[in-house]
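Taking it in order: structure first as structure tokens, then the write-up.
The values are calculated or read from the model by the stated rules, or taken from the named source; none is laboratory data. Everything numeric in this text was worked out from a predicted model, so none of it was measured. Neighbour counts are summed over all protein chains in view; Cβ atoms, including those assigned to glycine, are modelled from backbone coordinates with ideal geometry. For the accessible areas, the whole protein counts, side chains as well, though only heavy atoms, and no ligand, DNA or RNA atoms are used. Shrake-Rupley method; radii C 1.70, N 1.55, O 1.52, S 1.80 Å.
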Amino acid sequence: MPVVTCIDDLRTLAQKRVAKAIFDYVDRGAYSEATLRANRADLESLALRQRVAIDVDRRSTRTTMAGQEVAMPVALAPVGLTGLNWADGEILAARAAQRFGVPYTLSTMSICSIEDVAGGVDKPFWFQLYVMRDRGFAASLIQRAKAAKCSALVLTLDLQIQGQRHQDLKNGLAVPPRLTLGTALDILSKPGWALNVMRGKRKSFGNLEGRIPDAKSLTTLSQWTASQFDPTLSWKDVEWVKSLWGGKLILKGILDVEDAKLAAATGADAIVVSNHGGRQLDGAISSIRALPEIAAAVGGKTEVWLDGGIRSGQDVLKALALGARGTMIGRAYAYGLGALGEAGVTRALELIRGELDVTMALCGLRDVKDANPSILRPS
């Protein structure tokens, strides 16, 4: 086992091990990737306020997210193609999250299906939904999530149309991976990854198999998105989803105060301040810059969470200080999965909790729920 001290170490290991097209799908963003970079840069620019001679013994990172008790204010965000980073990756990530005590969110664009993951864990997980042109299919996904006893539905609102991701196009990303000279050479250089993924239960989109006509012939993500994601999505559809679901609802992809107010008015249990990890509107504001205004506007009506750029426990604490009740991580745990499988996801969570705990102590906090703007230095 290599010495892993931070999420960047897991990223380096994953890059060495995972096929380039799959690693880049996780790692890269839209267009010039300005928003992808801003998510990290704006978090890093926030300075913490060091305090001394304060009793910080017996610290706690425990809290709740949407009423669910969590070991720390972090949930695993939905990440597509997780099962191509490691065989049965969605099941492994869900198991690691369950064991650690944080929520796991299964993507609509997962390799393992809702039923696969439900059969691999013994506690409820969350399901992320894209509303598609075929409303009957969207409704069937909701019913399948209910049958699997998913404890929350995460409705993503910022992918009505896909932002262009240059690297995916250059890589010719396909599911399952399409064999070309370039991909063949890459796979030959990473035989461990190829053998591992071939042992997986599925090689294509598990939630879509046999349910969308000709889905298997739509090999690229861009083709599938163009044919199935719906640019007509509106707040009426959110109400429709809410009525069908009937359980805890989380709205993801909010970056504007006006949208946040509309989202809160739906009665959602939480909203997630997110720019889709810099994978949609390039040039959009970073999630952490958008957070304080949104939290101030709607924090009293619904829980506000942050997604985008979280790589450490310090990042988590900074988000809490600026008004978030919780956070979501995507790339951070996907790097861990690609690097070391289930153990890598666990290691990513351990790193983040350890950093969160130490940073709380050095900022004079004993309870993570006490984080507030006073722990940040004025800019």
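Annotations
- Test for residue 36: is it of a type in the set (A, V, I, L, M), modelled with pLDDT of 95 or more and over 30 Å from residue 193 (Cβ atoms): no
- Selection count where residues are surrounded by fewer than 24 Cβ atoms within 10 Å (Cβ to Cβ), on the phi < 0 side of the Ramachandran plot and not in a helix (DSSP H, G or I), scope region 17-38: 4
- Of the listed requirements (1) part of a strand (DSSP E or B); (2) open to solvent by 50 Å² or more (accessible area, probe 1.4 Å), residue 75 misses just one: (2).
- Boolean, residue 364 is on the phi < 0 side of the Ramachandran plot and either over 19 Å from the mean Cα position of the chain (by Cα) or among the small types (Gly, Ala, Ser) (or both): no
- Of residues in region 79-134 being aromatic (Phe, Trp, Tyr), assigned to a loop (DSSP other than H, G, I, E, B) and at pLDDT 95 or above, the one surrounded by the fewest Cβ atoms within 10 Å (Cβ to Cβ): 125
- Region 165-189, subset part of a loop (DSSP other than H, G, I, E, B) and modelled with pLDDT of 85 or more, residue surrounded by the fewest Cβ atoms within 10 Å (Cβ to Cβ): 189
- When 364, 344 are checked against the criterion of being open to solvent by 10 Å² or more (accessible area, probe 1.4 Å), in contact (Cβ under 8 Å) with a residue 12 or more places away in the chain and not hydrophobic (A, V, I, L, M, F, W, C), 364 stands alone in meeting it.
- Against the list (1) in contact (Cβ under 8 Å) with a residue 40 or more places away in the chain; (2) within 17 Å of residue 156 (Cα to Cα); (3) crowded, with 24+ Cβ neighbours inside 10 Å; (4) of a type outside the set (Gly, Ala, Ser), the condition residue 294 fails is (2).
- Checking the stated criteria, residue 237 turns out to be open to solvent by less than 30 Å² (accessible area, probe 1.4 Å) and either in contact with a helix residue (DSSP H, G or I) (Cβ under 9 Å, 6 or more places away or on another chain) or of a type in the set (A, V, I, L, M, F, W, C) (or both).
- Test: residue in region 104-111 that is among the hydroxyl-bearing types (Ser, Thr, Tyr) and without any contact (Cβ under 8 Å) to a residue 60 or more places away in the chain: yes
- Criterion (open to solvent by 40 Å² or more (accessible area, probe 1.4 Å) and either over 20 Å from residue 103 (Cα atoms) or not hydroxyl-bearing (Ser, Thr, Tyr) (or both)) met by exactly one of 307, 256, 282: 256
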